[in-house]
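Here's the structure, in structure tokens; my notes come after.
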Amino acid sequence: MKKKSKFNLPGKYVLLALTVLCLTLIVITYKFDISSTPLQTVSGYIFIPVQRGINNLGLWFSDKADNLNDIKALQEENDKLKSKIEELTTQNSLLESEHYEYKRLLKLYDLGEQYANYDKVAARVIGKDSGNWFSTFIIDRGSDNGLKENMNVISDGGLVGIITKVGKNWATVKSIIDDTSNVSAMDLKTSDTCVIEGGLEQMNKNQDMIFTKMHDSDSNSQISDQIVTSNISDKYLPGILIGYITSIKDDDNGLTKTGTITPVVDFEHMQEVLVITALK
Amino acid sequence: MKKFLIFFLTVFVCFALQCTVFKALSFANISPDLLLIITSCVGFMKGKKQGMYAGLLCGIIVDIFFGNVFGFYSLLYMYIGYVNGFFNKIFYPEDIKLPMILIGASDLSYNFLIYFFLFLFRGRTDFVFYLLHTIIPSFIYTILVTIILYRILLRINEYLENSERRSNSKFV
């Protein structure tokens, strides 16, 4: 009873005060880019263990469920696989020739070595964006493991995204398909640079991404060319595979090209990612 | 104090579930917003001020992990909680229609505001697409989850009110 008479400000004044506070915070964080607040550290201790636990539980359940489904699925799969083997043998020979070309190109760009020599930290995806608009996720490694902002994240041999926030034992990754993501990239074959834009709309409609501003005056870029991060990007390390061109067309200005690429990473079913601990 | 702890625990569990389990159960990349349901519920169950604080807490959590700038989601959730508080007077626990309408409306306005501030301002003008692929599905999914979650929240609320009454009568 005592508590109530102590201090009672009308709701609307509190609301007003908090609104002003929030607005100032928005302006401050927008202007000055403050990254690690004490709140982030504290919340890391509270939320991350639980999310990690739920995640492990989920993995265990899906493991058990998989086992049950396996027997039935295996028989079906066996038939399917047999027919697939034939298909793959022909494809394999094709790929081998492509692989040879790939090796040659890697040597040409001296990227292969760089790529393998980067130190990497493996991390597990433990939570995704709480809303439906953006494509960010939380991983279970943070500044304790040497992670910093703007480190590149890869998976399946392709670029996943970039670290935007780092807590003590967690980090938030903005994936390249996020609506606000722009990656400077280039065609591996022709070295023509372009910009790859993530987009909710594009990803929902066609499961691909748009690239723009490709300077390809000789028209050497073709469908199925590999697109990698470019060496002029200020945040992304050069030569990380992003995806393959699926369509390409001339812009109205006649100078640049626009098209779509399909990313190599399966963003839906990402469980583990590698963080490259080298910063550009 | 006990009230706050239980409330924090609820928010905490919902946030953890929202980022993990419900993301795995998402249809076409859409998952429900449990924090919004909580904020809205506290609003019309407890009143403007409590709704506002509940929204603030939920918003801060989202801001810490997923916000580009700190304070945007806090502001959004806070106002949703506050506005829902206006309906405290016509709220009756047995009637699930009002909560569903309010939570639905909250979800719609929340997503409209996000579209307006974070998408339209960056030149994403294809509103119809976002309406059909994000806003409406999210609305439907949230409403469906409300049917279950509302009952749980109502239980918690009843429990808290009962224990409050008991402790009050003890001292009087």
By count of other Cβ within 10 Å, fewest leading, how are B:ASP95, A:ASP218 ordered? A:ASP218, B:ASP95
Return A:ILE26, A:ILE245, B:ILE156, A:ILE227 ranked ascending by Cβ neighbour count within 10 Å, so the fewest neighbours appear first. B:ILE156, A:ILE26, A:ILE245, A:ILE227
By average C-beta atoms within 10 angstrom, highest first, the peptides A:248-259, B:39-50: B:39-50, A:248-259
Which whole number gives the average count of other chain Cβ atoms within 10 Å of the Cβ atoms across peptide A:227-240? 0
Candidate lysines - alpha carbon under 23 Å from A:LYS168, same-chain residues fewer than 8 apart omitted: A:LYS120, A:LYS128, A:LYS148, A:LYS235, A:LYS280
When Rg is the radius of gyration of the Cα atoms in segment A:120-276 and Rh is its Kirkwood radius, what does Rg/Rh come to? 0.99
When the expected Rg is taken as 2.2 N^0.38 Å, what fraction or multiple of it is the alpha-carbon Rg of segment B:31-156? 1.03
Can you give the angle from 0 to 90° between the axis of helix A:11-32 and the longest principal axis of chain A, with both taken from C-alpha atoms, to the nearest 10? 40 degrees
Segment A:37-57 to segment B:25-89: how many Å between their Cα centroids? 20 Å
Residue by residue through segment B:4-11, which ³J(HN,Hα) values in whole Hz follow from phi under the Karplus form 6.51 cos²θ - 1.76 cosθ + 1.60 (θ = phi - 60°), with glycine and proline marked x? 5, 4, 5, 4, 4, 4, 4, 4
Can you put A:HIS215, A:HIS269, A:HIS99, B:HIS133 in order of Cβ neighbours within 10 angstrom, beginning with the fewest? A:HIS269, A:HIS99, A:HIS215, B:HIS133
Within 10 Å of the Cβ of an average residue in B:24-33, the count of other chain Cβ atoms is 3
How far is helix A:38-109 tilted off the main Cα axis of chain A, in degrees rounded to 10, range 0 to 90? 10 degrees
In whole Hz, what ³J(HN,Hα) sequence does segment B:15-23 give by Karplus (6.51, -1.76, 1.60; θ = phi - 60°), x for Gly and Pro? 5, 4, 5, 4, 7, 10, 5, 5, 5
Alpha-carbon gyration tensor eigenvalues x 5, square-rooted, for segment A:213-273, Å: 25, 15, 9
Using 1/(1 + (r/R0)^6) with R0 = 45 angstrom and r between the beta carbons of B:LEU108 and A:ASN220, what's the FRET efficiency to the nearest 0.05? 0.40
Quick check: convex hull of the Cα atoms in segment A:173-232, volume per residue, rounded to a whole Å³? 93 Å³
Amide H proximity to A:LEU159 below 5 Å, modelled H, separation 5+ or other chain, gives A:LEU241, A:ILE242
Rounded FRET efficiency, nearest 0.05, which uses the C-beta distance separating B:GLU158 from A:ASN206 and R0 of 56 Å: 0.70
Taking Cα centroids, how far is segment B:102-156 from segment A:208-247 in Å? 35 Å
Just need log10 I(q)/I(0) for chain A at q = 0.11, 0.13, 0.14, 0.15 Å⁻¹, Debye formula, equal scatterers on the alpha-carbon atoms, no solvent, rounded to two decimals. -0.81, -1.05, -1.17, -1.26
Packing-wise, with mean Cβ within 10 Å as the measure, how do A:159-166, B:99-106, B:143-150 rank, highest first? A:159-166, B:99-106, B:143-150
Given only helices, namely DSSP H runs of n ≥ 4 each adding -39500 (n - 2.57), what is the per-residue ellipticity at 222 nm of chain B, to the nearest 500 deg cm²/dmol? -24000 deg cm²/dmol
Using a 10 Å cut-off around each Cβ of peptide B:40-51, what is the average number of partner chain Cβ atoms that fall inside? 1
Give the span of segment B:2-77's Cα atoms along each principal axis, as three whole-Å numbers ordered largest to smallest. 35, 26, 20
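Read the figures in this text as sums done on the coordinates, not as results from a lab. Note that the coordinates shown come from a computational prediction; the quantities given were computed from them, not determined experimentally. Methodologically, a virtual Cβ is constructed for each residue, glycine included, from the backbone with ideal geometry; neighbour enumeration extends over all protein chains shown.
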